[in-house]
Each structure stands twice: as structure tokens, then as C-alpha cells.
Amino acid sequence: MLKKLTSVLLIISMLLTFSMSAFASEKPNKITSNGYTFDVITDNTTETQVSYSENDTQYIATFDKSSREISMEIISDNSKNANSNREKYKVTVDDFDNKNIKGIKLIDKNKRVYNLDKPNNNERVTA
């Protein structure tokens, strides 16, 4: 579970960092940060979408630039049953300043809220 939460935090950090940065040249298809490689699926005037895969699980984060909403889809491949499990979440972020993220929450279709903040509210997730 800790790896799953860490992966979600990293992909949200990368999504926000990549979306807020200005590039003079063509944007890359892959970004590496802290030893993790993220695939840039889409980055245009309407949205930025990045993905990260680990242990048969794919994380896809989408930032809608007009509504400024973030969504996350987690696709777990259960090869024993030949089925994929898809979970969709709305993502909220309380504070972001291009380096630090605080107050990340995932909200599922049943309105359950998963708080991804570290236990000490003074600590921050760094992109």
C-alpha cells in the first residue's frame, strides 16, 4: 500500500510540475525525476496527461487546464483472472508552489476521501 501511495504522490507531483513549467523547445515524451520515469501522454492547450507504471499497475493523471481539475485513474492488472481493475479518483491539492505540494486528497466515485498528506502537517511532499 505504501508503494501505491508513493506512486500516486510522485505522479501528481510530476503532473503539476510539468504543467506549470514553460518550455521553449518541444516537450519530451518521457520525464525522469528521482529515478522514476513518467510517460507524457498528452500536453496541449487543454490538458496534460502523464502515466507511470509499476508492478502491473498503471497510474494515469490528467490535469484539465481550463477547469484546473486533476483526475487519477489507477489500472491494476490481475493476470490470474485476466481482468483489469480500474479505479477513478478526483484529486484535490490544498497548496502547490512549483516545489512543494500539501494537502493531496483522492476522492472516489462513492465520495470517500483518501488523505495522502504525511502524518506531520508541517511536512511537505517535494516534486
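The values are calculated or read from the model by the stated rules, or taken from the named source; none is laboratory data. Note that the structure is a prediction, hence the values are computed from the model and not measured. Glycine also receives a Cβ, built like all others from the backbone with ideal geometry; neighbour counts cover every protein chain displayed.
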field: Failed item in (1) at pLDDT 85 or above; (2) surrounded by 17 or more Cβ atoms within 10 Å (Cβ to Cβ); (3) not aliphatic (A, V, I, L, M), with residue 19 passing the rest
entry: (1)
statement: Within segment 33-68, residues within 20 Å of residue 106 (Cβ to Cβ) and among the small types (Gly, Ala, Ser) come out as 51, 53, 61, 67
- prompt: When you go through 33, 67, 79 one by one, which is the residue that is modelled with pLDDT of 65 or more, exposed (fewer than 13 other Cβ atoms within 10 Å of the Cβ) and out of contact with any strand residue (DSSP E or B) (no Cβ under 9 Å at 6 or more places or on another chain)?
  reply: 67
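Of all residues being out of contact with any Leu (no Cβ under 8 Å at 6 or more places or on another chain) and in contact (Cβ under 8 Å) with a residue 24 or more places away in the chain in segment 50-59, which is surrounded by the fewest Cβ atoms within 10 Å (Cβ to Cβ)? Just the residue, please.
Of the residues in segment 50-59, the ones out of contact with any Leu (no Cβ under 8 Å at 6 or more places or on another chain) are 51, 53-59.
Going one step further and asking which of them are in contact (Cβ under 8 Å) with a residue 24 or more places away in the chain, we end up with 51, 54-55, 57, 59.
Details: 51: 18, 54: 14, 55: 9, 57: 16, 59: 22.
Top of the filtered list is 55.
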task: Determine, yes or no, whether residue 99 is more than 25 Å from residue 29 (Cα to Cα) and at pLDDT below 90.
output: no
